[in-house]
1. If you fit an axis through the alpha-carbon atoms of helix 115-126 and take the longest principal axis of the Cα set of the chain, what angle between them do you get, 0 to 90°, nearest 10?
2. Using only the alpha-carbon atoms, how far is helix 55-65 inclined from the longest principal axis of the chain? Give it as 0 to 90 degrees, nearest 10.
3. For a quick check of your reading of the filter: which trypsin sites (Lys or Arg not before Pro) in region 86-127 sit in a DSSP loop and have no more than 16 other Cβ atoms within 10 Å?
4. If you take the alpha carbon radius of gyration of region 1-148 and divide it by 2.2 N^0.38 Å, what ratio comes out, to two decimals?
5. Quantify, in whole percent, the carbon and sulfur part of the accessible surface of the chain (1.4 Å probe; protein heavy atoms only).
6. Which value, in Å², gives the accessible area per residue of region 73-208 when a 1.4 Å probe is used on the protein heavy atoms?
7. Distance cut-off 19 Å, Cα to Cα: go down the list Lys99/Lys218; Lys151/Lys176; Lys117/Lys218; Lys109/Lys219; Lys151/Lys218 and report the pairs above it.
8. Please arrange Ile105, Ile223 by accessible surface area, largest first, computed with a 1.4 Å probe and ligands excluded.
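The values are calculated or read from the model by the stated rules, or taken from the named source; none is laboratory data. Nothing here was measured: the structure is a model prediction, and the numbers come from that model. Positions of Cβ are generated from backbone atoms using ideal geometry, with glycine treated the same way; all protein chains shown enter the neighbour counts. To get the accessible areas, we keep the full protein, side chains included, count just its heavy atoms, and leave off ligands, DNA and RNA. Shrake-Rupley method; radii C 1.70, N 1.55, O 1.52, S 1.80 Å.
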Amino acid sequence: MSDEIDITQMPTEELLELMMEDLYDGYADEIVAEVKECLSRGMTPYEVLTKGLVAGMEIVGDDFRDGILFVPEVLMAAKAMKAGMAVLRPLLAETGAPKIGSMVIGTVKGDIHDIGKNLVAMMMEGAGFEVHNLGINVSVEQFLEAIYEHKPDILGMSALLTTTMPYMRVVIDALKEEGIRGDIIVLVGGAPLNEAFAEDIGADAYCRDAAVAVETAKKFMQIRKGVA
Ligand code: B1M
């Protein structure tokens, strides 16, 4: 347990390793302290996120897949990850960047994974996008309602399951039926997706991670709207 360890005396490499272990064990309080310690050493919020939290979550994912961890343990790890993200959120979001566009984002129907999607939302906010985060298990009707309400430049959809990723096509087909597909940039992401899938369902682009989502969104805004 990191309780017994003085993290302020620990070399950064070891601190990051401890962070991954504590994430694995679902120790939210320790994660918060370690995130703060990393920041106090001058690491950027993005570095702390990727080298500590996201790296730790990858190990959790591998052991979940291999039957070493089960849902309750993964939920604890997710809770710890969210506690760490809560510290980073204002730092990632408040860059003072001028508003360059808007986005509606959600995890598609049937899917409750939200860590990656929330990370994308945070990073997009930090890059100057106004983000309307619809949460998890979002139906085509909810996506359409939000699009009509907020008139976003970008629709972002997330899916982490092979069984829910096809729902993205349902949403894109609905945009076509409504005659608004051409008005909105559709970006998709999530671990089981790839570029070929994005192309096949008629999305504008697949985004491997949150940083790529930001780059891609900016690129499309520049091409389509002449901003960013
Ligand atoms: Co789930 N789960 N899970 N799970 N879970 C996966 C996805 C899985 C790969 C684990 C495994 O087997 N290795 C597997 C899916 C297999 C498949 O379909 N191919 C799986 C499974 C099977 C399940 C259940 C079915 C388990 C069960 O009940 N038997 C169940 C399904 C529930 C449901 O959704 N209906 C389930 C449940 C859960 C928990 C609730 C326990 C928990 C979710 C908690 C939460 O999110 N609040 C959970 C977790 C945590 C995971 C893993 C371990 C981690 C996901 C994560 O948060 N990663 C995951 C294993 C894995 O992915 N390695 C797994 C960290 C996050 C930062 O990365 O989400 O990939 P990621 O997001 C990245 C990019 O993908 C991208 O940018 C993000 C940031 O860089 N991105 C986007 C994501 N969305 C984007 C949207 C964009 C752009 C980029 O829009 C523009």
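1. Value to nearest ten degrees: 80.
2. For 55-65 against the chain, the angle is about 80 degrees.
3. When the trypsin sites (Lys or Arg not before Pro) of region 86-127 are filtered for loop state and at most 16 Cβ neighbours within 10 Å, Lys99 remain.
4. Working: Rg = 16.7 Å, N = 148, 2.2 N^0.38 = 14.7 Å.
In units of the globular-protein estimate, region 1-148 measures up at 1.13.
5. Numbers: 6060 of 11190 Å².
Whole-percent figure for carbon plus sulfur exposure: 54.
6. Roughly 45 Å² per residue, with all protein chains present.
7. Lys109/Lys219
8. Ile223, Ile105
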